[in-house]
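This report concerns only the one structure given below.
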Amino acid sequence: MSPPKIVLRFTASISDKPIIYHLVKDYDLVVNIVKANINPHKEGMLILELSGEKYQEGLEYLRSQGVTVQPLTQEIVRNEDRCSSCGACTAICPSGALYIERPGMEVKFDSDKCVVCQLCLKICPLRAMEVRF
């Protein structure tokens, strides 16, 4: 099972600081950036998997730098009864969490890879993809 995902939100005033570098160097944390977005105003959002012995210290460092830290509390689930394995979601899934298993051509969902971008919710014609809080 992958480490828990957290959401970091930061303002333009701290977007140019080497925050991830310090998590790795100073706190010896393993960082996997799952999703990143910086808007034209340089405000940003990161979804990370973060692990290591100094996890709590790393979170305290982030907060001291003005970063908002929240656990990723949403998850995407697939309603197997509704899914017809049309494959529309697999073409749009940026993380590869939704894929077609061959040779049966059945759509599969790996929730550990999901970055909760919710693109699959918008594209699924049968509404087989759902958000769970």
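The values are calculated or read from the model by the stated rules, or taken from the named source; none is laboratory data. Quantities reported herein were computed from a predicted structural model and do not represent experimental measurements. Positions of Cβ are generated from backbone atoms using ideal geometry, with glycine treated the same way; all protein chains shown enter the neighbour counts.
In the stretch 17-29, how many are within 20 Å of the chain's Cα centre (by Cα) and outside any loop (DSSP other than H, G, I, E, B)?
Counting residues in the stretch 17-29 that are within 20 Å of the chain's Cα centre (by Cα) and outside any loop (DSSP other than H, G, I, E, B) gives 5.
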Inset, instruction - Of all residues in the stretch 10-29, count the ones that are in contact with an Asp or Glu (Cβ under 8 Å, 6 or more places away or on another chain) and touching a residue at least 40 places away in the same chain (Cβ under 8 Å). - result: 2
Legend entry - Every residue from the stretch 59-81 that is within 12 Å of the chain's Cα centre (by Cα), part of a strand (DSSP E or B) and surrounded by 12 or more Cβ atoms within 10 Å (Cβ to Cβ): Glu75, Ile76
Inset, instruction - Consider only pairs whose beta carbons are under 8 Å apart and that are at least six residues apart or on different chains; among these, list those whose first residue lies in the stretch 30-56 and is part of a loop (DSSP other than H, G, I, E, B) and whose second residue is of a type in the set (Gly, Ala, Ser) and surrounded by 15 or more Cβ atoms within 10 Å (Cβ to Cβ). - result: Gly52/Gly58
Inset, instruction - Run down Lys25, Lys35, Lys17 and say which single residue is closer than 20 Å to Leu119 by Cβ and not assigned by TED's automatic domain parsing to the domain that holds Asp110. - result: Lys35
Inset, instruction - Taking the options Val131, Val107, name whichever one is free of Cβ contacts under 8 Å to residues at least 60 places away in the same chain, farther than 26 Å from Leu50 by Cα and in a strand (DSSP E or B). - result: Val107
Legend entry - From the options Leu48, Leu72, Leu59, residue that is of a type in the set (A, V, I, L, M) and at pLDDT 95 or above: Leu59
Legend entry - Selected residue [aromatic (Phe, Trp, Tyr), assigned by TED's automatic domain parsing to the domain that holds His22, within 15 Å of Leu8 (Cα to Cα) and touching a helix residue (DSSP H, G or I) at 6+ places or on another chain (Cβ under 9 Å)] from Tyr55, Tyr61: Tyr61
